[in-house]
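Asks: Here you go, one structure.
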Amino acid sequence: MKSPNWINVDKDLEDAVAIAKKIYLEGGVFIYPTDTIYGFGANPFNENAIQRINEIKGRANWKRYILLISNIEDLRKYVEFNYEKHIDFLISIWPNPVSFILNLNKEMRSIFNAETCAFRIPNNRFCLSLLESLKMPLISTSVNRTEQEPINDPQLIKYEFADEVDAIFHTEKKSYFLASTLIDLTTDEPKLVREGNLKFAEIMKKYK
């Protein structure tokens, strides 16, 4: 087992962000804390990086991953909105551990070979600092092998995946151990796909 870049994001956020950005731009893969569970991170436009995550997780083919973004204006580069009220809805919810499946625009449909993709603005300082520096989306997918439960203990993550990633970023702060609430926003009315810490009923109070 090789010794990974084992980086505490609480001790030097700026340095941690710089290292993560370098790995991202070089097509590497890292593990990092989010506002929900720990995730594998990489550049979603780098096919080699996606393939590495697939291999680590034990997936034969790419399964669409949630993409983290830093703001609504960046999101507009990748999706198309058919309902203006959806933009107001997203603004009222984010940043929070709620991911939304949205319709990709024509360019992104061609790149991802998909009609839709899930996005989230995370409520996490490290994530937001990295995203603001990158000005690009970041893959977020649970740290586990296929068919196994996600791992959220940094020491267990290190033991299991240290020799398969370029760095492990960790925090001493509390993790919530639940994936984000996932909502389909590709049609007029929001549809619940998966419930997380923030309950769908509470989220829908903001939908007007």
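Asks: Could you list, in sequence order, the residues of the stretch 140-156 that are under 19 Å from residue 35 (Cα atoms) and in contact (Cβ under 8 Å) with a residue 24 or more places away in the chain?
Replies: Listed by number, the residues that qualify are 140, 141, 142, 143, 144, 150, 151, 152, 154.
Asks: Shifting gears a bit: Please give the number of the condition residue 170 fails out of (1) at pLDDT below 95; (2) under 26 Å from residue 21 (Cα atoms).
Replies: Failing condition for residue 170: (1).
Asks: Still on this structure: Picking from 139, 203, which residue would you name as being hydrophobic (A, V, I, L, M, F, W, C), within 16 Å of the chain's Cα centre (by Cα) and under 22 Å from residue 69 (Cα atoms)?
Replies: Details: 203 fails: within 16 Å of the chain's Cα centre (by Cα).
It is 139.
Asks: Let me ask another. What's the total number of residues in the stretch 157-208 that are in contact (Cβ under 8 Å) with a residue 40 or more places away in the chain, farther than 17 Å from residue 94 by Cβ, in a loop (DSSP other than H, G, I, E, B) and touching a strand residue (DSSP E or B) at 6+ places or on another chain (Cβ under 8 Å)?
Replies: 6
Asks: Further question: Among 87, 93, 101, which is the only one that is free of Cβ contacts under 8 Å to residues at least 60 places away in the same chain, closer than 22 Å to residue 196 by Cα and of a type in the set (A, V, I, L, M, F, W, C)?
Replies: 87
Asks: Name the residues in the stretch 102-114 that are touching a Leu at 6+ places or on another chain (Cβ under 8 Å), surrounded by fewer than 20 Cβ atoms within 10 Å (Cβ to Cβ) and either part of a helix (DSSP H, G or I) or modelled with pLDDT of 95 or more (or both), would you?
Replies: Across the stretch 102-114, the qualifying residue is only 112.
Asks: Scan the stretch 58-82 residue by residue and report those that are in a helix (DSSP H, G or I) and either free of Cβ contacts under 8 Å to residues at least 60 places away in the same chain or under 20 Å from residue 5 (Cα atoms) (or both).
Replies: Correct list: 72, 73, 75.
The values are calculated or read from the model by the stated rules, or taken from the named source; none is laboratory data. This one's a predicted model, so the numbers in the text were calculated from it and none came from an experiment. For neighbour counting, all protein chains shown are included, and Cβ atoms are generated from backbone atoms with ideal geometry for every residue, glycine included.
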